[in-house]
Structure formats: C-alpha cells, structure tokens
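*Asks:* This is the structure I have questions about; it appears just below.
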Amino acid sequence: MSILIKNGRVIDPDTKRDGKFDVFIKDGKILKIGEKITEKAEEVIDAAGCYVMPGLIDMHVHLRDPGLTYKESVETGARAAAKGGITTVVAMPNTKPVTDDRERVGYVMHKGEMVAPINVLQTGTVTKGMAGKEVTDIAGMAEAGAPAITEDGKTVMDSGVYRDAMKEAKRVGIPVLAHCEDSNLVQGGVVNDDENMRALGLKGISNAVEDIIVARDIMLAAETGVHLHLCHCSTKGSVEMVRQAKAAGISVSAEVCPHHFTLSTDDIKTPDANYKMNPPLRTKEDVEALREGLKEGVMDVISTDHAPHSAEEKRQPIEKAPFGIVGLETSVALTMTELVDTGILTPMQMAEKMSYNPAKILGIDRGSLAEGKIADVTVIDPAAEYRIDASEFVSKGKNTPFDGRNVKGRVVATICGGKTVYRFS
C-alpha cells in the first residue's frame, strides 16, 4: 500500500521540519519527504492548507474493556480515536475486573491487534485489585506490553506501598502515571470548591485534594528516580510544583486535558452532570495557569482522560452521576480553537504535546515524521469551522458539555501504520 500526501504543511518536532512538503508512504513506513514528490501512489491525499503532523498519541483513555463495554469497547474507542486524529491510545486499567496482571494486559493488547484500526496500549495497575495494599507483578505486565503503571481513578494512599511500586517501575524501566487525589479530603465533593458552585448548593473539592498528592508524588519520584507523569492536572498549584520539580532535576512530566484548559466553573450555570469530571473544572485563575504552563513547556502533554458513560448514568442528579467526560473526538478542535488559534501554542507545540512528548515519555517509537519511521500521520484542516454534535460521535459515550459548541480545526485524515483509518467526507 502506498499513499502520497501532497501540498501540506509538515510539522514534525522530531526533525524540526515545518514547511510545505509532500510525504510518500509505502509498506507502512515514511519512505520520502520532499517538496515535489512524483512517485505514483495508490492513494493521494491533497493536504493543501492543512497541517500534517505525526500521528497523535493520547496517554489517558478509558476503553472500559473488559467488563464495562456498555460504556465503550476497544473497538468503538479505537474507532473514535481514529476519527479524532489519534493513532495510539493508552488505556487505563480501572476495568472490571481491573487490569492488574500480565494476562489481563495481554487480553486488551491482543484485542486491540484484532479489532482496532489504531495502536492500543494497555497500562497495568499499581496494586492488586486497585486495593492500595499489595504491589502488582509490574515486571510481568511490562513484559506483556504495558507501557506504564497507574492507579488512575484512585490514588495509592499508602506512601510506603507506592514507593515500593515506584522502585520496581524504575527497575523495569517504565513510568508511573499518577492520579493525584487525597481521598480523605474529597468528603463527598462533586465539583470545585468555590463561590460559583456553592451558589448552586453543590459540595466542593478543593485544590488541596490534588496539590497534596502532587507534592507527595514528586517527592517520592525524587527519592526513587522513577519517571513520574502527572495525569489530568487541574490546579495552579500543580503547575507551580511541576515547574519547581523540573528546575530541581526531578524526572517528572505532566498533562492537561482540553476540558481543564477550556472551561471553568464560570461555565457551569446549572447542576448538569456533563460538567462533572475528576478532577473538577476549576476557577479562571487555574485555567490561566494551565494555559501558561502549556505555553512555557512546564506542562508537557495534552491528553483527553476520555471517560465514557451511558446516557442513563449521566442523566442522574449531579451528586449521584459518575465523574467523566468523553474527549477523543473533540481534543483536536478544542486545542486548535483555544490554544493554537489564540496564539497560546504554535502548531509545532501542539504536535509536541499531542504526539512527540507522549512518545518520549512512554518510550515508544512513534511521534515522528522522519524518513524510515512507521507511518502514523494526522492531517488537520486548521481553518475548518463547525459545531460539535455529540450525536455524531463514534464513541458509545456522548457525555460532553461541548455539544453545540462552535470550534475551529478538523481532522481530515488519520493514517496508522501506513493505512488510512479515517477520512473526513
């Protein structure tokens, strides 16, 4: 199979290439990049006016498989990702049963190979059963293909157990992805703890719930030497602590989700459960700190924390509804609209945070458009304007507060392993 992408603006952080080039793909690899490629191809994509980036990598996705496939499955989640320009997803292990051994990691990895149009990587848990008491077989899960361990959805509150797991992850050579939430401080909170939410009569979750664990995890990373990746950061305190940790030479990276850099509690006018996510939407001050952190390179990654739920679950009162928002099919548009089109990020920085940096953190040979590399490519039309319509999502989950929002930036083609897995029509 051969593909020729013509006339696009190639943006590649790995080679630092940023300009108008053609890209010739053959047998799953990027064979040639040049100004006017004349080779004949079985498929030609005219990318005039479009960005041509390394295939996007989402480090934080809930595929709900096994056990919760009424919300999502490996197949539906992967197809939604392909529509969103994403060529690699990293699945969280809070499934049913939880993915806490090599066999369960292998189940998802194998299923991904069988049914997914993109690359599906499966993380393993930090502790057995996500009970927070006994460290899992981290080496076995890594051998089965797990690129990282995480207790996402929970925090390991026993610092001794967590330190032991970090030491083993360091020995094995994989990062720890951290969900930072002091469970003892949540106390039934469902939204941010601020005046806006108190006016709606809702119980709040303070910034300290996140910040305390961020501080602890950074200190444990400094002690153990493991690479720590902080998931879905939402507070100005997290940004500042990551900045200080990097200045101190600690191996740490951090991600921000589109909902956290786009929305604040000023946007929540009614107790709508589609605005309920964990960590919660914060204040405008936090949003500005997250945006500045992304701009300065303090925050390394944009991930979605794609967390699909059924319509019935999200229709419940906000106090009872589950936390979570879908994001695979909206992350490009929200990043383009909120960060690139406003000048906060350059297109090159977007490619870094959505492809190159995730690949480096995970230690996978992706995130590059260099000749000879695997042909994972995303083509984006930065000028396309449209309205988000959740009813058109490929994902089983439609739970988003962005339904009906006007955005700019559309994925027009997704190529994974040299095969076109999505074309906008």
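The values are calculated or read from the model by the stated rules, or taken from the named source; none is laboratory data. Since this is a predicted model, take the numbers as computed values, not measurements. We place every Cβ from the backbone using ideal geometry, glycine too, and count neighbours over all the protein chains shown.
*Asks:* Go through region 190-203 and count every residue that is assigned to a loop (DSSP other than H, G, I, E, B), out of contact with any Pro (no Cβ under 7 Å at 6 or more places or on another chain) and either free of Cβ contacts under 8 Å to residues at least 60 places away in the same chain or surrounded by fewer than 18 Cβ atoms within 10 Å (Cβ to Cβ) (or both).
*Replies:* Number of matching residues: 3.
*Asks:* Please enumerate the residues belonging to region 172-187 that are more than 15 Å from ASP100 (Cα to Cα) and in contact (Cβ under 8 Å) with a residue 24 or more places away in the chain.
*Replies:* Within region 172-187, VAL172, GLY173, ILE174, PRO175, ALA178, HIS179, CYS180, GLU181, ASP182, SER183, ASN184, LEU185 qualify.
*Asks:* Here are some residues: SER234, SER206. Which one is free of Cβ contacts under 8 Å to residues at least 40 places away in the same chain, closer than 16 Å to GLU285 by Cα and of a type in the set (S, T, N, Q)?
*Replies:* SER206
*Asks:* Select from region 307-318 the residues that are surrounded by 15 or more Cβ atoms within 10 Å (Cβ to Cβ) and of a type outside the set (Ser, Thr, Tyr) and write down the one among them that is nearest to CYS257 (Cα to Cα).
*Replies:* Selected residue: ALA307.
*Asks:* Quick one: which of THR270, THR342, THR335, THR304 is crowded, with 21+ Cβ neighbours inside 10 Å, part of a loop (DSSP other than H, G, I, E, B) and among the hydroxyl-bearing types (Ser, Thr, Tyr)? Quick ask: steps written out before the conclusion?
*Replies:* Numbers: THR270 fails: crowded, with 21+ Cβ neighbours inside 10 Å; THR342 fails: crowded, with 21+ Cβ neighbours inside 10 Å; THR335 fails: part of a loop (DSSP other than H, G, I, E, B).
Within the list THR270, THR342, THR335, THR304, the selection yields THR304.
*Asks:* Can MET277 be described as over 18 Å from PHE393 (Cβ atoms) and touching a strand residue (DSSP E or B) at 6+ places or on another chain (Cβ under 8 Å)?
*Replies:* When the stated conditions are applied, MET277 does not pass them.
*Asks:* Got a sec? Which strands (runs of 3 or more DSSP E) wholly within region 355-424 have at least 3 residues that are closer than 12 Å to GLU329 by Cβ and either outside the structural domain of VAL89 (by TED's automatic domain parsing) or among the polar types (S, T, N, Q) (or both)?
*Replies:* Qualifying strands (runs of 3 or more DSSP E): 406-416.
*Asks:* If you don't mind, there's one more thing I want to ask. Test THR335 against the criterion of being assigned by TED's automatic domain parsing to the domain that holds HIS229, under 22 Å from LEU185 (Cα atoms) and of a type in the set (S, T, N, Q), and give yes or no. Before you say what the answer is, go through the steps one by one.
*Replies:* Details: assigned by TED's automatic domain parsing to the domain that holds HIS229: yes; under 22 Å from LEU185 (Cα atoms): no; of a type in the set (S, T, N, Q): yes.
Criteria not met by THR335.
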